[in-house]
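One structure follows; several queries about it will come next.
The values are calculated or read from the model by the stated rules, or taken from the named source; none is laboratory data. Quick caveat, the model's predicted, so the values are computed rather than measured. Heads up, the Cβs are rebuilt from the backbone with ideal geometry, glycines too, and the neighbour counts pull from every protein chain shown.
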Amino acid sequence: MEISIGKTKLKTITGDITTQSTDAIVNAANSGLMGGGGVDGAIHRAGGTAILEDCKKIIAKIGRLPTGEAVITTAGNMPSKHVIHTAGPVWHGGGQNEEKKLKNCYAESLKVAMDNGLKTIAFPSVSTGIYGYPVNRASDAAVEAVIDFIKKNPGALFEQVIFCGFDSNTEKEYARALKERI
């Protein structure tokens, strides 16, 4: 599925985010930035020790990464140039501001990309793995946040934003969310 917002193409794919040849991929990180399970562990394994070394420097400077915030590191051995790490919210049923925090993950990641002059970025489905956020609700929040950011920041000049689902069911939810906003 692909749509355009101004000059920015938004598309959904099924695949391994660690293999994307974009300016940046986003990591659904934990607040300690030391790797973990799911996409976070996969990114740290694929990128190698350079990512962990950058993350250690960030943590030494700022402490734990607050939920909804984002920072940038090298991508190490991966084809992308950078990794933007964002700490997503844990799902508690929707009553603890999870949607706002999740939207902030996407907006802050795009802000970091914009501030670094990046043109292409690939997102995983943030918080839908071990953090338990329902994929249908996460896809709605993610697509809305990305479209809002692009519309409010036309100077960002993103060429492409990819929603990379690890499986076809996840990709289908992001495609549905995009279609509903055309």
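I'm checking my understanding of the structure. Among residues of the range 33-65 that are surrounded by fewer than 14 Cβ atoms within 10 Å (Cβ to Cβ) and in a loop (DSSP other than H, G, I, E, B), which one is farthest from the chain's Cα centre (by Cα)?
Residue satisfying both the conditions and the ranking: G63.
Would you be able to say whether some residue in the range 102-113 is under 14 Å from the mean Cα position of the chain (by Cα), under 23 Å from T19 (Cα atoms), aromatic (F, W, Y) and at pLDDT 95 or above?
yes
Out of all the residues in the range 141-171, which are surrounded by 20 or more Cβ atoms within 10 Å (Cβ to Cβ) and within 18 Å of I13 (Cα to Cα)?
Across the range 141-171, the qualifying residues are A141, A142, V143, V146, F158, V161, I162, F163, C164, G165, T170, E171.
Among all residue pairs at least 6 apart or on different chains, which show Cβ distances below 9 Å where the first residue, located in the range 1-19, is in a loop (DSSP other than H, G, I, E, B) and the second is among the polar types (S, T, N, Q) and buried (at least 18 other Cβ atoms within 10 Å of the Cβ)?
Final answer for the pair search is M1/T12.
Checking the condition of a type in the set (G, A, S), at pLDDT 95 or above and in contact with a Leu (Cβ under 7 Å, 6 or more places away or on another chain), which residue from A46, A60, A70, A24 passes?
Exactly one residue qualifies, and that residue is A24.
Do you know which residues across the range 29-75 are within 19 Å of Y106 (Cα to Cα), free of Cβ contacts under 8 Å to residues at least 40 places away in the same chain and aliphatic (A, V, I, L, M)?
If the condition is that a residue be within 19 Å of Y106 (Cα to Cα), free of Cβ contacts under 8 Å to residues at least 40 places away in the same chain and aliphatic (A, V, I, L, M), then L65 is the only one that fits.
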